[in-house]
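Below is one structure, written out as structure tokens; the observations come after it.
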Amino acid sequence: MKYLRKPILLLSFILTFATCSEDGDLNVFSVEQDLELGRQTNQEIRNTPSDYPILDTEDYPEAYSYLQRMVNDIVQQGDVAHADVFPYEVTIINQDVQNAFATPGGYLYVYTGLIDVLDNESELAGVLAHEIAHSAERHSTNQLTKQYGFSTLVSVITGGDPGLLSQIAGSLLSLRFSRSDEAEADDRSVDYLCNTRYAANGAAGFFESIQDGSSPPEFFSSHPNPDNRVADINARAQEQNCSTTTGDQTAFQQFKADLP
């Protein structure tokens, strides 16, 4: 029996520090490790301007102020997990790409190409709320837990391989979410927006906007498109008696005009 002691202790250690998502997925990463992965990935993005041409906040202060204020409105309404730990900081990437993404730890990115096709600020709020949900619900590290396997994750938890977090951070930019992750992020986008001034079904309008194009948008390469997505978002907003009214768009149109 003494030969079984070490594996049993190791399993006990993992189960002590691991957490489960609402759908029962095991996540071996801590919230603090989500934040560290986000920091490292953010630095990698900023170190490769040829791939990620980021708009400088000093050159576009009004645009960043508008966008970050929208993020803050969503996060501060009270339902977003880890708001006291994650920065929920937004960055604009100047490329004609219809995409947005989030890393662990609350780092958010939106492309000018996506902003350009949106009709109103509630659609933008829907995109941001959806991406905030991926970070808040820790979908990336849920997927990494599945991807890397038991023995690798033991090294993450115990600190036995100091370079492992950097290696894992490098794989985040090509990570795909599951359909259940997408459905949960859609649901959360409605929940987050319900108590704000934005239409709670803004994400549905966003999907309708990008699906009108002649070719599939980049967004769907990393965010699988479940069936009935628009209908499900609209139904959740109605069930929760959330407002779906979009107000004045003057500030949104000025925000778009401020971008290159």
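What residue, among those in region 191-217 that are in contact with a Gly (Cβ under 8 Å, 6 or more places away or on another chain) and under 23 Å from LEU173 (Cβ atoms), is modelled with the highest pLDDT?
Looking at residues that are in contact with a Gly (Cβ under 8 Å, 6 or more places away or on another chain) and under 23 Å from LEU173 (Cβ atoms), I get ALA203.
List the number of the failed condition for ALA102; all other conditions in (1) in contact (Cβ under 8 Å) with a residue 40 or more places away in the chain; (2) crowded, with 18+ Cβ neighbours inside 10 Å hold.
(1)
Under 6 Å between Cβ atoms, at least 6 apart or on separate chains: pull out the pairs that start in region 164-185 with a residue that is loosely packed, with under 15 Cβ neighbours inside 10 Å and end on any residue that is not in a helix (DSSP H, G or I).
ARG179/PRO224; ARG179/PRO226
For residues that are within 17 Å of ALA257 (Cα to Cα), aromatic (Phe, Trp, Tyr) and in contact with a Ser or Thr (Cβ under 9 Å, 6 or more places away or on another chain), tally how many sit in region 52-99.
1
Quick one: LEU67 ticks every box in (1) over 16 Å from the mean Cα position of the chain (by Cα); (2) buried (at least 18 other Cβ atoms within 10 Å of the Cβ) bar one, so which box is it?
(1)
Could you check, for region 146-164, whether at least one of its residues is under 19 Å from the mean Cα position of the chain (by Cα), at pLDDT below 95, of a type outside the set (S, T, N, Q) and at negative phi?
yes
If you scan region 111-132, which residues turn out to be part of a helix (DSSP H, G or I) and either small (Gly, Ala, Ser) or more than 14 Å from the chain's Cα centre (by Cα) (or both)?
Matches in region 111-132: THR112, GLY113, LEU114, ILE115, ASP116, VAL117, GLU121, SER122, GLU123, ALA125, GLY126, ALA129.
The values are calculated or read from the model by the stated rules, or taken from the named source; none is laboratory data. Note that the structure is predicted; figures quoted are calculated from it, not measured. Please note: Cβ atoms are built from the backbone with ideal geometry, for glycine as well, and neighbour counts cover all protein chains shown.
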